[in-house]
Amino acid sequence: MSTQKFSVLSKHTAWGYPLFVILSLLTVLLTVAVGSVTIPLQDTAAIILNEGFHIQTGVYESMHANIVMEIRLPRTLLAFLVGGALAIAGASFQGFLKNPLADPYTLGVSSGSALGAVTVLYLGLSLPLLGSFTLPVISIIAGFITLLLVLFFARLIQKSLSTQTIILTGIIFSSFLGSLISLLIALTGDELRQIVHWLMGSVAMRGWDHVLLMIPFFIVGSFILFANARELNTFVFGEETARTLGVNTERRKYWILGGASLLTGSAVAVAGTIGFVGLVIPHLVRLLVGPDHRHLLPLSILAGGSFLALTDMVARTIIAPTELPIGVITAMIGAPIFGVLLYKQRRKE
Amino acid sequence: MLRVEQLSGGYGQRDIVSDLTFSIEKGTFFGVLGPNGSGKTTLHKLLAGLIPPRTGNVEINEVSMSAMNAKDRARKMAVLPQQHLASFSYTVREVVELGRYSHQRGLFSFQSAEDEKVVNQAMNDTGVRAFADMSIDRLSGGEQQRVFLARALAQQPDILLLDEPTNHLDVSYQLQLLDTLKKWNETKQLTVLAIIHDLNLASMYCDELLLLSKGKIAAKGRPAHVLKEAKLQAVYGADIQQKYHPTVPSPLLTLSPSAEETNSDSLLSRLTIRQDSDALRIDAPSYFKTFSSALIGAGFGWANCFYNFQIAKEYDRSEAEEHVYKQTADDGIDSSDLVGMITATLENRSMKRLQVENVDVFILTTADPSSAVDASTGWATKPGQQRSGTINTFIFIEGTLSELAFAQAIVTATEAKSKAFQDGEVVAASSQSIATGTPMDGLAIAASQQEPNHIYADTSTPLGRLIGKGVYETLSEALKYSCSRNHS
């Protein structure tokens, strides 16, 4: 009897990590293999091992190697990074705001970052020293400022920052920022029409450049949030409780919001606004392994990455040769789940 | 161990509490009381470091809290929060482990063996170990409260702060929680500082109380000292009466509704007195608070019906009691509304209404001194047979009497009675000396508990003087009748 007495958490995390890692590897393999030209799975694995890690495992066609290394693998990795970044950012926003409905999209952070990105594109900005990093950096800063404004405004409306108030405020900001983006696009005429496609979210037509652009932000942002996982657990019980438990809330608050903005802004800069990944994924991971952020954050990265890579695969194959914007699919899955969560939240309150 | 010096603070520019200075010894169960808006919660937040003080200083073990960082502070002081809405389903163990945060160092530190031991101990002590792997939102309100208490204890604090810990709990949980706290307080020398709304709980559990009023200290000290009626009434502005708890030596307080029946006519003018063949009955228009040595309704009580029954001179006490109950039941009177005495005579009686300024008293006395004794020498004589020859006195008073006033009224009336015996030269048959009274004398003080207030009724006060005069005069008159009747 007593040997059966696992804790729910340890039981789930015990298989959680290997399961999620294996799932992620399989997803990468699958999404790289599937497309207009389908490449056998073992060939795909061999190509990645040989070209990427110089481990000789088998023979394959060199055309397939080109497709994998130049087109599919960077695209899949980018989708994975973006999905992971949005999911961990969402999990952090939810923990910090004690609000299961918060995510970069519903908070308006994505819209803020997008406005920043579009402004850079519109003005053709390239800041000295930053070079190609101008786009993500401005995107991140714009997202962070938007976040602070949303929280400030929500606090003006209602001091206790209830779930609904924050989401409503986020939607108000999203609409407003969205209209500014539309205005910019209308002003530019034809050249930025492609931005519309990008705005709905897409990892198409990117290459290794974008992957390399994303990676430093991804690593720094994730590291910051991992380092604040225990603090996030205390914030779930309210900022005052966090403080009485010994958390330096003033400082930690900015680390958490900054880290999450870093990830959101860089994701938006490379892939546009992709909604609901940050909402749905943490929710599912929480159901599987519990709400402890020390496990929730890393597993959300793996789950969010896999999810977006798979979604991208569906987006580019379902009505081939036409590609759907990836944001269309995430919204089709995410919005109903958002509704269900909102309903459950109302019942709780 | 906790010293608060000239602490002022509040929100924005406004100070809610100002210039508070007090200290708490280690191991004290310290309660903070006060009406809404008195600054209790502000004081709590200042102490917990949730809002910065504008001036002043808080020290724990002679270290200023402002010099501590958040983790140092959390190792000294834990807070049991008032509300616990967790949006996500943490397990009980995960919640309690958060209490170890302030003891962990480094960016990615995980539980040490020491942490694990303390967490298990805290769960054992609060009786939540059995739920360790259950989700906290599956637990009842009281169980959740205990989980958060375990989390606070896992901080291993010197002092535990609670803001109205019993606010959302039903009565049994309130007591359970306070019992647990009290046990920790006593066995581990944990200092507890609790804001408590319920005066009675505060009185039962706290060693020391601080009464706040408008952001200042109105009183501090032992519960019996702080919970003085007058002080509480001034602070709470409500009508609070102090009693004593039936089983615990703590003051007990009750609130009474402020709107009472008001009638410009004096209640004493509306007493109705009736005499049947075997009873004298006085009905009051409303309930009077009574303190008496009557056969029925003795001690403190409330009554609107007062009976003086005539029974045979030789009687059996229980028979008499039965007779009275039967008689009143026949008259349709609830015995709990009754003050009932027994007497051998209804003829030898006298009554008087005395009024001086705002003091208004009505006194009725019946006297049969045939079994009179001298209390000072009575010990030398054999106790005789129970006889119904007694002096029965009913004193009705317009006004609210304190319990002290009730007791003093008894003393005053008794002194006046003895003097009447002395001046009437009533001789105790057994000792052949001047008698002081009869065995089984009945005395009832009944107060309307309306305006005005009488805190005292000793012989130096207008009320005491009227009682003395009234009892002396009515008894003297009744004795005179009895003498004249005996002589004739």
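Miscellaneous remarks
- For the stretch A:283-323, the candidate set comprises residues that are within 23 Å of A:VAL203 (Cα to Cα) and not in a helix (DSSP H, G or I); within that set, the residue that is nearest to the other protein chains (Cβ to nearest Cβ) is A:ILE318.
- Within the stretch A:219-255, the set of residues being open to solvent by less than 10 Å² (accessible area, probe 1.4 Å), within 14 Å of another protein chain (Cβ to nearest Cβ) and either among the aromatic types (Phe, Trp, Tyr) or in a helix (DSSP H, G or I) (or both) comprises A:SER222, A:LEU225, A:ALA229, A:GLU231, A:LEU232, A:ASN233, A:THR234, A:PHE235, A:ALA242, A:THR249.
- Test result for B:VAL118, of a type in the set (A, V, I, L, M), surrounded by fewer than 22 Cβ atoms within 10 Å (Cβ to Cβ) and either in contact with a Pro (Cβ under 7 Å, 6 or more places away or on another chain) or part of a helix (DSSP H, G or I) (or both): yes
- When the residues of the stretch A:158-178 are filtered to those that are free of Cβ contacts under 8 Å to residues at least 12 places away in the same chain and in contact with a helix residue (DSSP H, G or I) (Cβ under 6 Å, 6 or more places away or on another chain), the one that is nearest to A:LEU342 (Cα to Cα) is A:THR165.
- Tallying residues that are closer than 25 Å to B:VAL96 by Cα and touching a helix residue (DSSP H, G or I) at 6+ places or on another chain (Cβ under 7 Å) within the stretch A:215-247 yields 20.
- Residue pairs whose Cβ atoms lie under 6 Å apart, sitting 6 or more positions apart in sequence or on different chains, and linking a residue in the stretch B:126-149 that is within 11 Å of chain A (Cβ to nearest Cβ) and of a type in the set (Ser, Thr, Tyr) to a partner that is open to solvent by 40 Å² or more (accessible area, probe 1.4 Å) and not in a helix (DSSP H, G or I), are B:SER135/B:SER89.
- Given (1) out of contact with any helix residue (DSSP H, G or I) (no Cβ under 6 Å at 6 or more places or on another chain); (2) assigned to a helix (DSSP H, G or I), index of the condition A:LEU129 fails: (2)
- In the stretch A:297-323, the residue that is most open to solvent (accessible area, probe 1.4 Å) out of those that are out of contact with any Ser or Thr (no Cβ under 9 Å at 6 or more places or on another chain) and of a type in the set (A, V, I, L, M) is A:ILE318.
- Top-ranked residue of the stretch B:39-68 - restricted to ones that are assigned to a helix (DSSP H, G or I) and more than 36 Å from the chain's Cα centre (by Cα), ranked as nearest to the other protein chains (Cβ to nearest Cβ): B:MET65
- Members of the stretch B:104-117 that are of a type outside the set (Gly, Ala, Ser) and within 14 Å of chain A (Cβ to nearest Cβ): B:GLN104, B:ARG105, B:LEU107, B:PHE108, B:PHE110, B:GLN111, B:ASP115, B:GLU116
- When each of A:GLY83, A:GLY116, A:GLY95 is tested for being within 14 Å of another protein chain (Cβ to nearest Cβ) and within 26 Å of A:ALA309 (Cβ to Cβ), the lone residue that passes is A:GLY95.
- Test for A:LEU279: is it part of a helix (DSSP H, G or I), under 22 Å from A:SER111 (Cβ atoms) and of a type in the set (A, V, I, L, M): yes
- Which listed residue is touching a residue at least 12 places away in the same chain (Cβ under 8 Å) and over 19 Å from B:PHE394 (Cα atoms), from B:GLU319, B:GLU314: B:GLU314
- Candidate set: the stretch A:185-195, residues that are open to solvent by 30 Å² or more (accessible area, probe 1.4 Å) and of a type outside the set (Gly, Ala, Ser); chosen: the one modelled with the highest pLDDT: A:LEU187
- In summary, B:SER64 fulfils each of the numbered conditions (1) open to solvent by less than 40 Å² (accessible area, probe 1.4 Å); (2) in contact with an Asp or Glu (Cβ under 8 Å, 6 or more places away or on another chain) with the single exception of condition (2).
- Single condition A:VAL280 does not satisfy, out of (1) more than 18 Å from A:GLY221 (Cα to Cα); (2) open to solvent by less than 10 Å² (accessible area, probe 1.4 Å); (3) facing chain B (nearest Cβ under 9 Å); (4) not polar (S, T, N, Q): (3)
- Every condition in (1) part of a helix (DSSP H, G or I); (2) touching a residue at least 12 places away in the same chain (Cβ under 8 Å); (3) of a type in the set (D, E, K, R) holds for A:ARG155 except the one numbered (2).
- Screening the stretch B:73-94 for residues that are more than 8 Å from chain A (Cβ to nearest Cβ) and assigned to a helix (DSSP H, G or I) and picking the one that is least open to solvent (accessible area, probe 1.4 Å) gives B:VAL92.
The values are calculated or read from the model by the stated rules, or taken from the named source; none is laboratory data. Bear in mind that the values here come from a model prediction, so they are computed numbers and not experimental data. Neighbour counts run over all protein chains shown; Cβ positions are idealised from the backbone, glycine included. Please note that ligands, DNA and RNA were not included when accessible areas were found on the heavy atoms of the full protein model with its side chains. Shrake-Rupley method; radii C 1.70, N 1.55, O 1.52, S 1.80 Å.
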